[in-house]
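Novice: One structure is given below, represented as structure tokens, and several questions about it will come after.
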Amino acid sequence: MQVMTEVENLKVKLTTVLTTHHHWDHASGNDKLVSLVPTVKVLGGDNRVPRINVHVHDGQQFNIGDMKMECLLTPCHTSGHVCYFFPEANGEPPAVFTGDTMFVAGCGKFFEGTADQMYKALVEKLGALPDSTRVYCGHEYTVSNLKYAATVEPNNGAIVAKMSWAEKMREKNEPTVPSTIAEEKTYNPFLRVNEDSVHEHAKLHDPISTMAFLRKEKDHFRP
């Protein structure tokens with residue numbers, strides 16, 4: 001199992017599994033990890049997370065090794081979705097693991113929530129993290145997300161620049177993750193729903209309705 005191979009290579013002990021949500025592509029390895037390390041803590045936001053044994057709440061903090069971590073509940077993609085924030089420490093910038101709430105230049109589908117919930121999660125919660133926070137999302141969707149973003153704001157130079165970089169990275173089979181919160185604020189349309197240019201695209205004037213419009217449009221977008 002790749003996770004355990006990395007644990008062995010790094011000569012560390014696996015103590016905690018941070019599960020953002022219950023979907024199989026994020027949580028299907030939990031059974032195997034618990035079978036290999038029966039003492040491991042499996043954190044999550046609802047009972048659908050396989051092998052969950054620590055139910056977290058918003059703002060709850062944990063010490064993992066010498067690192068501090070804060071749980072950020074971000075319901076919408078799923079009702080129990082959790083992001084995990086690690087503040088700056090030992091000279092390392094902060095980091096947040098966003099699962100399927102925030103992607104580079106995008107966000108997850110609203111399977112179990114509303115535009116209002118995604119606004120609170122993206123803009124009010126994740127958007128309030130330090131600008132230097134590295135964003136580790138759950139999927140490599142950057143290029144397709146930027147293609148959609150370019151239709152929302154065709155004159156946004158940050159989108160053009162990020163697209164050029166992302167396409168070069170993918171040609172080399174290199175990841176485009178992480179981004180930073182500061183970067184996301186310049187090109188992620190779902191984080192920019194208070195911008196006049198995004199309102200103009202949606203022909204709407206409030207951020208929640210704009211968020212709903214963008215998600216519906218993106219659901220049917222084909223690059």
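Bear in mind these aren't lab numbers, they're just calculated from the coordinates by the rules spelled out. No experiment lies behind these values; they were computed from the predicted model shown. Glycine gets a Cβ as well: all are built from the backbone with ideal geometry, and neighbour counts include every protein chain shown.
Novice: Can you list the residues of region 116-152 with backbone N under 17 Å from a point 7 Å past the Cα of residue 168, pointing along Cα to Cβ?
Specialist: 143
Novice: With just the Cα atoms of region 1-55, tell me how far they stretch along each of the three principal axes, in Å, largest first.
Specialist: 31, 21, 17
Novice: Calculated from DSSP H runs of 4 or more alone, at -39500 (n - 2.57) each and per residue, what is the 222 nm mean residue ellipticity of the chain, nearest 500?
Specialist: Calculated from helices alone, the mean residue ellipticity at 222 nm is -9500 deg cm²/dmol.
Novice: Calculate one ³J(HN,Hα) per residue across region 53-61 by plugging θ = phi - 60° into the Karplus curve 6.51 cos²θ - 1.76 cosθ + 1.60, and present them in order as whole Hz with x for glycine and proline.
Specialist: Values, residue by residue: 9, 9, 8, 9, 10, 4, x, 5, 10 Hz.
Novice: Assigning unit charges at the beta carbon (Lys, Arg +1; Asp, Glu -1) and nothing else, what dipole magnitude in debye, to the nearest 20, does the chain show about its Cα centre?
Specialist: The calculated dipole for the chain is roughly 420 debye.
Novice: Compute the projected area of the convex hull of the Cα atoms of region 131-179, averaged over all viewing directions, and report it in nm² to one decimal place.
Specialist: 3.7
Novice: Convert each backbone phi in region 179-195 into a coupling constant with the Karplus relation 6.51 cos²θ - 1.76 cosθ + 1.60 (shift: θ = phi - 60°), then list the ³J(HN,Hα) values in order as whole Hz, x for Gly and Pro.
Specialist: Once rounded to whole Hz, the list reads 9, 10, 4, 4, 5, 4, 5, 9, 9, 7, x, 6, 8, 10, 6, 9, 7.
Novice: Still on this structure: Ranked by Cβ crowding within 10 angstrom, fewest neighbours first, how are 165, 24 ordered?
Specialist: Ordered from fewest to most neighbouring Cβ atoms within 10 Å, 165, 24 come out as 24, 165.
Novice: At 0.692 mPa s and 37 °C, plugging the Kirkwood radius over alpha-carbon pairs of region 83-124 into Stokes-Einstein gives what diffusion coefficient in µm²/s?
Specialist: 283
Novice: When 78, 98 are ordered from fewest to most other Cβ atoms inside 10 Å of their Cβ, what list results?
Specialist: Arranged by neighbour count, lowest to highest, 78, 98 become 78, 98.
Novice: Same structure, new question: Arranged by the count of other C-beta atoms within 10 angstrom, fewest first, what order do 13, 147 take?
Specialist: Listing 13, 147 from fewest to most nearby Cβ atoms yields 13, 147.
Novice: Whole-Hz ³J(HN,Hα) for each residue in region 161-169, computed from phi via Karplus 6.51 cos²θ - 1.76 cosθ + 1.60 with θ = phi - 60°, x for glycine and proline: what do you get?
Specialist: Computed from phi, the couplings for region 161-169 are 5, 5, 4, 4, 5, 5, 5, 5, 5 Hz.
Novice: At 7 Å along the Cα-to-beta-carbon direction for both residue 64 and residue 197, put a label point, then send me their distance in nm to one decimal.
Specialist: The answer from the label model is 3.5 nm.
Novice: Can you list residues from other chains, or at least 5 along the same chain, whose modelled amide H is less than 5 Å from the amide H of residue 60?
Specialist: Long-range HN contacts for residue 60: 71.
Novice: On a full-extension model of 0.36 nm per residue, what is the gain between residue 160 and residue 88, subtracting their alpha-carbon distance, rounded to one decimal in nm?
Specialist: 22.9 nm
Novice: Take the chain, compute every pairwise Cα distance, and split them into 10 Å bins from 0; I just need the percent in each bin.
Specialist: 8, 31, 36, 20, 5, 0
Novice: In µm²/s, what is D for region 22-111 at 4 °C and 1.567 mPa s, where D = kT/(6 pi eta Rh) by Stokes-Einstein and Rh is the Kirkwood radius from Cα pairs?
Specialist: Stokes-Einstein gives a translational diffusion coefficient of 92 µm²/s.
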